[in-house]
Amino acid sequence: MRALFKRNKNKKQKQISESSSYVPPELRPVPGTSTNDNTTQQTLRAQSSKAYEDASELSEQFLGIVKEISEANDLLLPLKSACALMIRGIQTMRVRLSARY
């Protein structure tokens, strides 16, 4: 009975470790196509880059709005500085990624 329990426990741990490597749907290979194909990889990279640009622009706009709202009250000054720091980080990463490609 113990051996059966240990086998099931090991099997569950293996399933968890295999499922923990999440790949977004747009980066998953399309069935029936070769993943070594350069055009496929370039297309996936362009889609991923576009998605990142959209997300970073949206988050920068959102944080800018929160930063402006937090200026209304002195109690929210830490939120203002945190938003400013995150905006600066987003801008820095955008510059680094644009320099890489």
**Message:** For the range 87-101, which positions are over 12 Å from residue 60 (Cβ atoms) and surrounded by 12 or more Cβ atoms within 10 Å (Cβ to Cβ)?
**Reply:** 97
**Prompt:** Which condition does residue 51 not pass, out of (1) at pLDDT 90 or above; (2) open to solvent by less than 90 Å² (accessible area, probe 1.4 Å), if it passes all the others?
**Reply:** (1)
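The values are calculated or read from the model by the stated rules, or taken from the named source; none is laboratory data. Bear in mind that the values here come from a model prediction, so they are computed numbers and not experimental data. Note that each Cβ is placed from the backbone with ideal geometry, even for glycine, and that neighbours are counted across all protein chains shown. The accessibility values were calculated without ligands, DNA or RNA, using every heavy atom of the protein model including side chains. Shrake-Rupley method; radii C 1.70, N 1.55, O 1.52, S 1.80 Å.
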